1. If you plug each phi of the stretch 200-213 into the Karplus form 6.51 cos²θ - 1.76 cosθ + 1.60 with θ = phi - 60°, what whole-Hz ³J(HN,Hα) values come out, in order, with x for Gly and Pro?
2. Around Ala14, under 10 Å between beta carbons, what's the net of Lys plus Arg minus Asp minus Glu among the other residues?
3. Most exposed first by the Cβ proxy, i.e. fewest other Cβ within 10 Å, how do His196, His218, His92 rank?
4. With 10 angstrom as the radius, rank Tyr112, Tyr87 by how many other C-beta atoms surround their C-beta, starting from the fewest.
5. Taking the Cα centre of the chain as the origin and placing charges on Cβ (Lys, Arg +1; Asp, Glu -1), which of Ala47, Met1, Ile67 is farthest toward the positive end of the dipole?
6. Mean residue ellipticity at 222 nm from the helices of the chain, using -39,500 (n - 2.57) per DSSP H segment of n ≥ 4 over the full residue count, to the nearest 500 deg cm²/dmol?
7. Using the Kirkwood radius over C-alpha pairs as Rh, can you work out the diffusion coefficient of the stretch 5-119 via Stokes-Einstein at 25 °C, viscosity 0.890 mPa s, in µm² per second?
8. Among Ile191, His218, Ala110, pick out the residue whose Cα is farthest towards the positive end of the charge dipole of the chain, where Lys and Arg carry +1 and Asp and Glu carry -1 on C-beta, about the Cα centre.
Amino acid sequence: MRSCPLLAGFPEEAFLEGAAMARIRHFSAGDPIYDRGSMQSTLCVIASGTVRINSVNAAGREATLIIFDSGSWFGDTVFSPGMPRVYGATAHDDAVIVELPGEGFRKLMARYPESYSVALDLVSRRLWSAMSIIEDDALRGVTARIGRRLLFLAEIQGVPTASSEPVILKLTREQLANMMGMTRQGVHSRIKDLEHLGLLALSYGQITVCSPRELQAHIQSLD
């Protein structure tokens, strides 16, 4: 819980109270964590493994929206009790989840109001990132869209765009294509171009952004 950015505003006593109410759950790769439309209200923190947030259409086709790594949080109804889950969540690979009941988490925030500024900032950043993706889809070319999506995934892992340190994203080219509504071939040719420029490194099951700052600069040069 201490590694989760959303909880960074809590004092030590809040972590002890949260640990007392938390439940630890283990999932194998492909196991559903919760389904879209369910009425649960929980905050989930990834202790290990990765989780994909997804949506499924009437024909049963799954679209991956984002993949979260360890230390990340998810649970879109924890701040809006009584609302159904907007998206589903599935263990992308073997995962351990620390789950806090929504009511208990909200009571902790009320008891320790210093946590609000941190939580509000992170929720606002996610909203800003989602709006940026909508803007990218409307205004940018394919290469820039792919680069921006990779930077967004890096930011979700807590790596700022201004960083020059490499960040590893645990996803395949097929999963990236699914996330963006594109073909694998269309994504592959673009990320190979970025690899040849030294901005990405490709290996089995993962894509490494060599320097988020340099990738961002390249994307801006394409505008």
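1. 10, 10, 10, 8, 4, x, 7, 10, 9, 7, 5, 8, x, 4
2. -3
3. His196, His218, His92
4. Arranged by neighbour count, lowest to highest, Tyr112, Tyr87 become Tyr112, Tyr87.
5. The one lying farthest along the dipole's positive direction is Ile67.
6. My calculation for the chain gives -13000 deg cm²/dmol from helical runs alone.
7. My calculation gives 168 µm²/s for D.
8. Looking along the dipole axis, the top candidate is Ile191.
Read-outs throughout are calculated quantities, based only on the coordinates presented, and are distinct from any laboratory measurement. These numbers were taken from a predicted model, which means no experiment stands behind them. Using ideal geometry, Cβ is built from the backbone for each residue, glycine included, and neighbour counts are taken over all protein chains shown.
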